[in-house]
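Engineer: The following block contains the structure, expressed as structure tokens.
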Amino acid sequence: MLVPIRADVNSGYAAGTLDVEWDSSALILRAVHYDGALAPENQPAPIGEGISRYRIAFGSYTAEENFTGIGVFFTLEFEIAASAEAGSYPVTLSSPAVFDRNVHRLSASAEDGSVTLQEPVSGDYNGDGAVTLADAVLLVRFITEDTALTDGQIAAVICAEPDLNGDGLVTMLDVKALLRQLGAE
Ligand SMILES: [Ca+2]
Ligand SMILES: [Ca+2]
């Protein structure tokens, strides 16, 4: 599971650090991916087992130019712990310490995000918690390999058990089974 961390305002910085905290009973940090143009990695600490806090170090204290771009600075790659229960798990950002190339500290603030783990509902392909005609439409688009589907939509269909009639294949028969299920309700 990938959690992007964005910077929407950037007056120009050279280097900084930011602490990330999460619930290690549900989430396991596997990697931090840095955007080389916006926030190159800066001597990152190794990611240990079972940790619940990590300091991201980015930029360069010897940068000749400030980094000024905005967008996704980092992406945190978490694995979901096998024992994790469904629920919402906050990913907290704190203690930003960011400096410009003259080593003046900049004011920085961080907003928290969260990761929501949901038990997939069979047949709920768009993840809105209910099985409706919209899910049947999404399943048809999945079966017909609609190239407009996003990776997230494809993953959601696969997670929500698309083989409804249990024959090991995902076909129009499963759409029929879904429509029957809808008609019966
Ligand atoms: Ca749905
Ligand atoms: Ca099937």
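The values are calculated or read from the model by the stated rules, or taken from the named source; none is laboratory data. Owing to the predicted nature of the structure, the values given are computational and were not obtained by experimental measurement. Cβ coordinates were reconstructed from backbone atoms using ideal geometry, including for glycine residues, and neighbour counts include every protein chain displayed.
Engineer: Give me the residue from segment 102-120 that is at pLDDT 75 or above and assigned to a loop (DSSP other than H, G, I, E, B) and, out of that set, nearest to ligand 2 (Cβ to nearest atom).
Structural biologist: Only one residue fits best here, namely ALA108.
Engineer: So, in segment 141-153, how many residues would count as being surrounded by fewer than 14 Cβ atoms within 10 Å (Cβ to Cβ) and closer than 18 Å to LEU169 by Cα?
Structural biologist: Step one: list which residues in segment 141-153 are surrounded by fewer than 14 Cβ atoms within 10 Å (Cβ to Cβ), which gives 144-148, 150-152.
Checking the rest, the ones that are also closer than 18 Å to LEU169 by Cα come to 144-146.
Residues meeting the conditions: 3.
Engineer: So which residues in segment 130-150 are near ligand 1 (Cβ under 7 Å from one of its atoms) and either of a type in the set (Lys, Arg) or assigned to a loop (DSSP other than H, G, I, E, B) (or both)?
Structural biologist: First, the residues of segment 130-150 that are near ligand 1 (Cβ under 7 Å from one of its atoms): 130-132, 134-135.
Across segment 130-150, the qualifying residues are ALA130, VAL131, THR132.
Engineer: When you scan segment 93-112, do you find a residue that is within 16 Å of ligand 1 (Cβ to nearest atom) and among the polar types (S, T, N, Q), even just one?
Structural biologist: No, the conditions are met nowhere in segment 93-112.
Engineer: OK, next. Show the residue pairs meeting these rules: Cβ distance below 8 Å; 6+ apart or different chains; first residue within segment 129-145 and on the phi > 0 side of the Ramachandran plot; second residue among the aliphatic types (A, V, I, L, M).
Structural biologist: From residues that are on the phi > 0 side of the Ramachandran plot, the pairs are GLY129/VAL121.
Engineer: Right, next: Are there any pairs, at least 6 apart or on different chains, whose C-beta atoms fall under 9 Å, with the first in segment 65-79 and assigned to a loop (DSSP other than H, G, I, E, B) and the second exposed (fewer than 15 other Cβ atoms within 10 Å of the Cβ) and hydroxyl-bearing (Ser, Thr, Tyr), and if so, which?
Structural biologist: Every condition considered, the pairs that remain are ASN66/SER11; THR68/SER11.
Engineer: Look through segment 151-165, keep the residues that are in contact with a helix residue (DSSP H, G or I) (Cβ under 9 Å, 6 or more places away or on another chain) and assigned to a loop (DSSP other than H, G, I, E, B), and return whichever of them is farthest from ligand 2 (Cβ to nearest atom). Show your work before the answer.
Structural biologist: First pass over segment 151-165, keeping only residues in contact with a helix residue (DSSP H, G or I) (Cβ under 9 Å, 6 or more places away or on another chain): 153-154, 156-158, 160, 162-165.
From the residues that got through so far, the ones that are assigned to a loop (DSSP other than H, G, I, E, B) too are 160, 162-165.
Numbers: ALA160: 13, PRO162: 8, ASP163: 4, LEU164: 6, ASN165: 4 Å.
This residue is ALA160.
Engineer: Determine which single condition GLU85 fails, assuming it passes every other condition in (1) under 18 Å from ASP8 (Cβ atoms); (2) part of a loop (DSSP other than H, G, I, E, B).
Structural biologist: Condition not satisfied by GLU85: (1).
Engineer: Using the structure shown, decide if GLY127 is modelled with pLDDT under 85 and within 16 Å of ligand 1 (Cβ to nearest atom). Give the steps one after another, and end with the answer.
Structural biologist: On the way: modelled with pLDDT under 85: yes; within 16 Å of ligand 1 (Cβ to nearest atom): yes.
So GLY127 fits the description; yes.
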